[in-house]
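To keep things clear, I will list the structure first and then write my remarks on it.
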Amino acid sequence: TAANRDARRRATAYALLNAAVIAGYTMLDGVGVRRSGAPAGYAMWLFVLTAAMLLLCSANRWAELPAYVRTHRRVMLLGGVGTLASYGLALWAMTLAPVAAIAALRETSILFAALIAAVFLRERLAPARIIAVILIACGAALMRLA
(Lines give C-alpha, C1' and ligand atoms only; values in the text may rest on other atoms or scores of the structure.)
Protein backbone atom coordinates (compact mmCIF):
# COMPACT_ATOMS: atom_id res chain seq x y z
CA THR A 1 0.00 0.00 0.00
CA ALA A 2 0.99 3.62 -0.36
CA ALA A 3 1.09 4.14 3.42
CA ASN A 4 3.39 1.14 3.83
CA ARG A 5 5.67 2.41 1.05
CA ASP A 6 5.83 5.87 2.67
CA ALA A 7 6.64 4.33 6.04
CA ARG A 8 9.49 2.32 4.49
CA ARG A 9 10.87 5.41 2.77
CA ARG A 10 10.78 7.33 6.04
CA ALA A 11 12.46 4.46 7.87
CA THR A 12 15.17 4.28 5.20
CA ALA A 13 15.71 8.05 5.39
CA TYR A 14 16.07 7.86 9.18
CA ALA A 15 18.46 4.92 8.89
CA LEU A 16 20.63 6.83 6.40
CA LEU A 17 20.55 9.92 8.61
CA ASN A 18 21.59 7.77 11.57
CA ALA A 19 24.44 6.31 9.50
CA ALA A 20 25.61 9.81 8.58
CA VAL A 21 25.58 10.88 12.23
CA ILE A 22 27.55 7.79 13.26
CA ALA A 23 30.07 8.36 10.46
CA GLY A 24 30.41 12.00 11.50
CA TYR A 25 31.04 11.39 15.18
CA THR A 26 33.33 8.46 14.41
CA MET A 27 35.52 10.67 12.23
CA LEU A 28 35.46 13.45 14.84
CA ASP A 29 36.41 10.95 17.54
CA GLY A 30 39.25 9.58 15.41
CA VAL A 31 40.71 13.02 14.85
CA GLY A 32 40.02 14.17 18.41
CA VAL A 33 41.54 11.18 20.18
CA ARG A 34 44.64 11.26 17.98
CA ARG A 35 45.17 14.98 18.54
CA SER A 36 44.56 14.70 22.26
CA GLY A 37 47.19 11.99 22.67
CA ALA A 38 45.28 10.68 25.68
CA PRO A 39 42.44 8.27 24.80
CA ALA A 40 41.37 7.83 28.44
CA GLY A 41 41.30 11.57 29.06
CA TYR A 42 39.45 12.22 25.82
CA ALA A 43 36.82 9.58 26.69
CA MET A 44 36.39 10.90 30.24
CA TRP A 45 35.91 14.49 29.06
CA LEU A 46 33.30 13.35 26.53
CA PHE A 47 31.43 11.52 29.27
CA VAL A 48 31.67 14.45 31.70
CA LEU A 49 30.43 16.92 29.09
CA THR A 50 27.63 14.56 28.01
CA ALA A 51 26.54 14.12 31.64
CA ALA A 52 26.56 17.87 32.17
CA MET A 53 24.39 18.42 29.09
CA LEU A 54 21.96 15.69 30.19
CA LEU A 55 21.66 17.25 33.63
CA LEU A 56 21.06 20.69 32.14
CA CYS A 57 18.45 19.39 29.71
CA SER A 58 16.59 17.56 32.47
CA ALA A 59 16.72 20.35 35.06
CA ASN A 60 12.95 20.28 35.47
CA ARG A 61 13.17 16.66 36.73
CA TRP A 62 16.06 16.95 39.20
CA ALA A 63 13.77 16.27 42.15
CA GLU A 64 13.17 12.75 40.77
CA LEU A 65 16.89 11.96 40.39
CA PRO A 66 17.75 10.75 43.94
CA ALA A 67 14.88 8.23 44.00
CA TYR A 68 15.76 7.02 40.53
CA VAL A 69 19.43 6.53 41.47
CA ARG A 70 18.46 4.61 44.63
CA THR A 71 16.22 2.31 42.63
CA HIS A 72 18.51 1.73 39.65
CA ARG A 73 22.04 2.29 40.96
CA ARG A 74 23.36 -1.19 40.06
CA VAL A 75 22.14 -1.02 36.49
CA MET A 76 23.40 2.56 36.18
CA LEU A 77 26.84 1.60 37.49
CA LEU A 78 27.13 -1.49 35.31
CA GLY A 79 25.88 0.37 32.23
CA GLY A 80 28.17 3.33 32.88
CA VAL A 81 31.28 1.23 33.41
CA GLY A 82 30.48 -0.96 30.40
CA THR A 83 29.81 2.00 28.14
CA LEU A 84 32.94 3.84 29.25
CA ALA A 85 35.08 0.72 28.83
CA SER A 86 33.79 -0.16 25.36
CA TYR A 87 33.92 3.42 24.11
CA GLY A 88 37.34 3.97 25.65
CA LEU A 89 38.67 0.80 24.02
CA ALA A 90 37.33 1.91 20.64
CA LEU A 91 38.96 5.33 21.04
CA TRP A 92 42.25 3.76 22.09
CA ALA A 93 42.09 1.42 19.09
CA MET A 94 41.62 4.46 16.82
CA THR A 95 45.06 5.67 17.91
CA LEU A 96 46.62 2.38 16.77
CA ALA A 97 44.71 1.39 13.62
CA PRO A 98 42.83 3.05 10.76
CA VAL A 99 39.58 4.65 11.91
CA ALA A 100 37.61 2.93 9.12
CA ALA A 101 38.70 -0.51 10.32
CA ILE A 102 37.75 0.26 13.92
CA ALA A 103 34.40 1.70 12.83
CA ALA A 104 33.62 -1.44 10.84
CA LEU A 105 34.64 -3.64 13.74
CA ARG A 106 32.40 -1.67 16.13
CA GLU A 107 29.41 -2.24 13.86
CA THR A 108 29.88 -5.99 14.21
CA SER A 109 28.25 -5.59 17.62
CA ILE A 110 25.04 -6.11 15.64
CA LEU A 111 26.16 -9.72 15.18
CA PHE A 112 26.40 -10.20 18.93
CA ALA A 113 23.04 -8.51 19.47
CA ALA A 114 21.41 -10.91 17.00
CA LEU A 115 23.11 -13.88 18.64
CA ILE A 116 21.97 -12.78 22.11
CA ALA A 117 18.44 -12.22 20.79
CA ALA A 118 18.30 -15.69 19.26
CA VAL A 119 20.08 -17.73 21.94
CA PHE A 120 19.23 -16.04 25.23
CA LEU A 121 16.00 -14.19 24.46
CA ARG A 122 14.68 -16.95 22.20
CA GLU A 123 13.64 -14.46 19.51
CA ARG A 124 12.98 -15.74 16.03
CA LEU A 125 15.30 -14.08 13.54
CA ALA A 126 13.50 -13.09 10.36
CA PRO A 127 15.19 -14.03 7.09
CA ALA A 128 15.95 -10.39 6.31
CA ARG A 129 17.77 -10.03 9.65
CA ILE A 130 19.76 -13.20 9.04
CA ILE A 131 20.81 -11.89 5.61
CA ALA A 132 21.80 -8.54 7.16
CA VAL A 133 23.90 -10.32 9.80
CA ILE A 134 25.63 -12.39 7.12
CA LEU A 135 26.36 -9.26 5.06
CA ILE A 136 27.84 -7.51 8.12
CA ALA A 137 30.05 -10.52 8.87
CA CYS A 138 31.21 -10.65 5.24
CA GLY A 139 31.94 -6.91 5.30
CA ALA A 140 34.03 -7.27 8.46
CA ALA A 141 35.92 -10.19 6.90
CA LEU A 142 36.56 -8.17 3.71
CA MET A 143 37.87 -5.25 5.80
CA ARG A 144 40.32 -7.64 7.44
CA LEU A 145 41.45 -9.15 4.14
CA ALA A 146 41.84 -5.81 2.32
task: Could you give me the percent of Cα pairs per 10 Å distance bin for the range 98-145, shortest bin first, beginning at zero and ending with the bin that holds the maximum distance?
output: 26, 48, 22, 4
- request: Quickly rank 60-67, 97-104, 130-137 as a protection proxy: mean count of other C-beta atoms within 10 Å, highest first.
  value: 97-104, 130-137, 60-67
- line: Expressed in square angstrom to the nearest 10, the accessible area of residue 34 with a 1.4 Å probe stands at 120
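Below 13 angstrom from the Cβ of residue 97, what's the summed charge of the other residues (Lys, Arg +1; Asp, Glu -1)? Can you show the working numbers first?
Values: positive: 34, 106, 144; negative: none.
Neighbour charge sum, excluding residue 97 itself: +3.
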message: Run through the range 91-146 and list the chymotrypsin sites (Phe, Trp or Tyr not before Pro) located in a DSSP loop whose Cβ has at most 11 other Cβ atoms within 10 Å.
response: 120
message: Accessible area per residue for the chain in Å², computed with a 1.4 Å probe and the full protein assembly in place, what is it?
response: 77
- request: Counting helices only, and only those DSSP H runs with n ≥ 4, report the 222 nm mean residue ellipticity of the chain as the sum of -39,500 (n - 2.57) divided by its residues, in deg cm²/dmol to the nearest 500.
  value: -29000 deg cm²/dmol
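How much of the accessible area of the range 98-145, in percent, comes from carbon and sulfur atoms when a 1.4 Å probe is used?
On the way: 2730 of 3610 Å².
Result for the range 98-145: 76 percent of the exposed heavy-atom area is carbon or sulfur.
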- request: First measure r as the distance between the Cβ atoms of residue 1 and residue 49, then evaluate 1/(1 + (r/R0)^6) with R0 = 30 Å and state the FRET efficiency to the nearest 0.05.
  value: 0.10
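The values are calculated or read from the model by the stated rules, or taken from the named source; none is laboratory data. In this text the structure is predicted, and so the values were computed from the model without any measurement. Here the Cβ is made from the backbone with ideal geometry for all residues, glycine too, and neighbour counts use every protein chain on show. These area figures cover heavy atoms from the full protein model, side chains too; ligands, DNA and RNA do not enter into them. Shrake-Rupley method; radii C 1.70, N 1.55, O 1.52, S 1.80 Å.
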